[in-house]
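See structure below.
The values are calculated or read from the model by the stated rules, or taken from the named source; none is laboratory data. This structure is a prediction, so every number in the text was calculated from the model and none was measured. Because the Cβ atoms are built from the backbone with ideal geometry, glycine has one as well, and the counts that use them run over all protein chains shown. Side chains included, ligands, DNA and RNA excluded: accessible areas come from the protein's heavy atoms. Shrake-Rupley method; radii C 1.70, N 1.55, O 1.52, S 1.80 Å.
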Amino acid sequence: MTWTPRLAAPIVHFAAAPRGPALRIFAGKPHALAFLADGSLVVGASHGLTLHDPASPMPPRASIPAIGGVEWMVAHPDGESVVAAVREPGGRAVVRVWPASGRVVGLVPAPIPGFQFNGALTPDGAQLVGYRPGRPATLFRVDTLTGAVLGEIELPPEARGALAVRRDGAVYMSSNHLLIVHADGRIEPREDSPFFIGPNPLLVTDDGGMIGTRGERAGLVDGKFVHLRDLSIGSGPGTVAHDRSRVTFHDSLGEVVVWEVAAERAIFTARQPGTIGQQPGWRGQGAAASASHVAAIDCIDASVAIWAIDRPEQPLARVTGFSRGLRRVIVYEGAVTAHLTQSLNYLDSVVEIELASGATRMLTHVQVHDVVRTRDRQRMVVLHDGAAVAVAVLDAEGEKLETIEVQRCADGLALAPNDATWGVLSHTRPSNPRSDPTCHAQWRAFGAAKGKTFKAKGDWPRLALADEVAAVLIGEALAVVGLAKAKPTLSLQIERGGAIAISPEGAFVAVAGYPEIRLIRVATGAVVEALPELPSGPSHACSLLLTREWLFVGHEWGQITQHRVPGGEQVAVLHRHTDQVLDLRWADGALWSASEDGTIVRWGELEP
């Protein structure tokens, strides 16, 4: 394994503010693209919108970070604005943004439930039509200038989220076949859908036909739907141009296609390197086209590639500075090592970033499951696939010092706070599928010929190391185990256990539940429940960090809550991330966090 230089990572320093960010690495993660009538490119990312000249996109012409994290976006028919679903601290909302002027109008307040937003504009742009999941689900309409609610109707149980709007205001919706919701509220199930599976409508053509998000096409002949030749694309979502003249599709396996609606033909096709395997969390529409340019998110490096529409052979420019998302951050003097969320099969994913310059280099090794590194940068442990699942111990230059094979089903790594001991989780499956797997928590000191193993039957193992003890959660059984002899000193049953953490001296263990966090005093087994209070309501905890004084909890909507130890009282909510906080670290007197939103943050003063 060696290190390969890559593009520098942008690093932003912030003015000091209590419980605010002091530093941010990377600009975020792109999710949705759109072109305005003047040919400008709008990039919707996890930290707002940016406006670009396609021929020379860096730096951006304008930036609007305050709206939250964009996860869905369409160009408005006025050609000057976009409508976007954004992730705010209170949940998902919808706004209309004029990128050139910075004007923002709220259309739908948070929280909008569901995994993703489903909506469309009427062809004249006067209304936003959206799907609100629930029991029952509803279809709502709002005015796109004021956000005033114009109506909401209940939907039948078979209605699903994808929708498109006809010129007369009728809404085509996905269902078992196809559902048409007329402007007067009448609901018309259509049994003549020509598709075996109900299509996901993207655009209703002027003749009443339809183009779906997977490239399905249907025409309307004598009042009946007929199947037209589908576009040969994958399952990627599509983007409708502001004037409805073009639809752009982005297949995550690599193809970008622009379809001219009136001529019924593809006018642009380009190949991108595919990203098969474990997909990062891309949320929105990954490509868009204007009359002169095409843009698409490159899932390999999270840049935005831009082509001239008549030159599909090679991108002419790129928007850079983003990342694929970050699942682990390791901090040491002057630099960090991070593990990117990734396509597991073949992408390099371990990156080192110098904090003074932003210079980066990537570890040239694929199929990496997890990584930990000592603070002196002299030892790095990499859990990876190859001929067998193995743990490689590397020196500072990426050269292997030793390789240790582990069970085929490996789960993750841990490192003691004193950097003396590292651990690995794995499990073996029995031949009887009804039997529980056997989980193995193993640890050893650097340079030691042998280590210790703690085994138990169950699912979903978790491991956290202190300097002298380990916390192991297997199924609902929590054990605190001495590193020297691998014998439990505390055993507890924990329902609905998730992420775990242990304080450096081993005095406390934290276990995530939903919505509570259990804080356990190891000496007595006493359990205190900390209940995070968030504007978005109850949340899944994605990561935990315990210091001697504080418990930090990273949440699925990007918030971090700060609680006292040992009482669990919440003292603060930290807002900056817009997606899952996947790792938390305490280094050099500061909190660091890494998120699926593509950024690493160092936080400022956190004392009350």
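When the range 263-313 is examined, which residues are found to be part of a loop (DSSP other than H, G, I, E, B), hydrophobic (A, V, I, L, M, F, W, C), in contact with a His (Cβ under 7 Å, 6 or more places away or on another chain) and at pLDDT 85 or above? Walk me through it before giving the result.
Filtering the range 263-313 for residues part of a loop (DSSP other than H, G, I, E, B) gives 263-264, 272-286, 290-292, 298-303, 309-313.
From the residues that got through so far, the ones that are hydrophobic (A, V, I, L, M, F, W, C) too are 263, 276, 282, 291, 299-300, 302, 309.
Still in the running and in contact with a His (Cβ under 7 Å, 6 or more places away or on another chain): 282, 309.
Selection gives ILE309 alone.
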- prompt: Only one of these conditions is not met by SER46: (1) open to solvent by 40 Å² or more (accessible area, probe 1.4 Å); (2) closer than 30 Å to ASP588 by Cα; (3) among the polar types (S, T, N, Q). Which number is it?
  reply: (1)
query: Based on what the data block shows, is VAL406 in contact with a strand residue (DSSP E or B) (Cβ under 7 Å, 6 or more places away or on another chain) and under 23 Å from PRO504 (Cβ atoms)?
result: no
query: Which numbered condition trips up ALA17, out of (1) small (Gly, Ala, Ser); (2) part of a loop (DSSP other than H, G, I, E, B); (3) modelled with pLDDT of 95 or more?
result: (3)
query: From the set of residues in the range 355-371 that are among the small types (Gly, Ala, Ser) and under 17 Å from TRP3 (Cβ atoms), which is least open to solvent (accessible area, probe 1.4 Å)?
result: GLY358
- request: Might you check whether a residue that is modelled with pLDDT under 95, within 22 Å of the chain's Cα centre (by Cα) and more than 25 Å from GLY506 (Cα to Cα) occurs anywhere in the range 368-380?
  value: yes
task: Output yes when any residue across the range 384-399 is hydrophobic (A, V, I, L, M, F, W, C), in contact with a Lys or Arg (Cβ under 7 Å, 6 or more places away or on another chain) and in a loop (DSSP other than H, G, I, E, B), and no when none is.
output: yes
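Hey, can you tell me all the residues within the range 63-77 that are of a type outside the set (A, V, I, L, M) and open to solvent by less than 30 Å² (accessible area, probe 1.4 Å)?
Here is the first cut: in the range 63-77, the ones of a type outside the set (A, V, I, L, M) are 63, 65, 68-69, 71-72, 76-77.
Hits for the range 63-77 are GLY68, GLY69, GLU71, TRP72, HIS76.
Before we move on, is GLY236 crowded, with 18+ Cβ neighbours inside 10 Å, at pLDDT below 85, in a loop (DSSP other than H, G, I, E, B) and not hydrophobic (A, V, I, L, M, F, W, C)? Reasoning before the result, please.
On the way: crowded, with 18+ Cβ neighbours inside 10 Å: yes; at pLDDT below 85: yes; in a loop (DSSP other than H, G, I, E, B): yes; not hydrophobic (A, V, I, L, M, F, W, C): yes.
Yes, satisfied.
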Residue identified as part of a loop (DSSP other than H, G, I, E, B) and either touching a strand residue (DSSP E or B) at 6+ places or on another chain (Cβ under 7 Å) or touching a residue at least 40 places away in the same chain (Cβ under 8 Å) (or both) among GLY44, GLY28, GLY106: GLY28
task: Tally the residues that are free of Cβ contacts under 8 Å to residues at least 40 places away in the same chain and over 16 Å from ALA471 (Cα atoms), restricting the search to the range 514-531.
output: 5
query: Is it true that some residue in the range 468-475 is at pLDDT 95 or above and open to solvent by 50 Å² or more (accessible area, probe 1.4 Å)?
result: yes
field: Among residues of the range 559-583, those that are in contact (Cβ under 8 Å) with a residue 40 or more places away in the chain, open to solvent by less than 10 Å² (accessible area, probe 1.4 Å) and within 20 Å of LEU415 (Cβ to Cβ), counted
entry: 0
message: Looking only at residues that are in a strand (DSSP E or B) and of a type in the set (Ser, Thr, Tyr) in the range 460-503, which one is farthest from the chain's Cα centre (by Cα)?
response: THR489
message: As an exercise: evaluate VAL511 against (1) on the phi > 0 side of the Ramachandran plot; (2) open to solvent by less than 10 Å² (accessible area, probe 1.4 Å) and give the number of the one condition it does not meet.
response: (1)
task: Residue by residue through the range 109-141, note down the ones that are without any contact (Cβ under 8 Å) to a residue 40 or more places away in the chain and under 27 Å from TRP282 (Cβ atoms).
output: PRO109, ILE112, PRO113, PHE115, GLY130, ARG132, PRO133, GLY134, ALA137, PHE140
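Select from the range 412-446 the residues that are polar (S, T, N, Q) and not in a strand (DSSP E or B) and list them in ascending order.
Filtering the range 412-446 down to residues polar (S, T, N, Q) leaves 418, 421, 426, 428, 431-432, 435, 438, 442.
Within the range 412-446, ASN418, SER431, ASN432, SER435 qualify.
Limited to the range 166-196, what total is found for residues that are in a loop (DSSP other than H, G, I, E, B) and farther than 23 Å from ALA266 by Cβ? Before the answer, list the steps.
Step one: list which residues in the range 166-196 are in a loop (DSSP other than H, G, I, E, B), which gives 166-170, 175-177, 182-186, 191-196.
Keeping just the survivors that are farther than 23 Å from ALA266 by Cβ gives 166-170, 175-177, 182-186, 191-193, 196.
So the count comes out to 17.
Being in contact with a Gly (Cβ under 8 Å, 6 or more places away or on another chain), acidic (Asp, Glu) and either on the phi < 0 side of the Ramachandran plot or loosely packed, with under 14 Cβ neighbours inside 10 Å (or both) is true for just one of ASP436, ASP411. Which residue is that? Reasoning before the result, please.
Details: ASP411 fails: in contact with a Gly (Cβ under 8 Å, 6 or more places away or on another chain).
Exactly one of ASP436, ASP411 is in contact with a Gly (Cβ under 8 Å, 6 or more places away or on another chain), acidic (Asp, Glu) and either on the phi < 0 side of the Ramachandran plot or loosely packed, with under 14 Cβ neighbours inside 10 Å (or both), namely ASP436.
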- prompt: assigned to a strand (DSSP E or B) and under 30 Å from GLY284 (Cα atoms), is that true of THR561?
  reply: yes
Selection from the range 55-75 of residues that are in a loop (DSSP other than H, G, I, E, B) and of a type in the set (A, V, I, L, M, F, W, C): ALA55, MET58
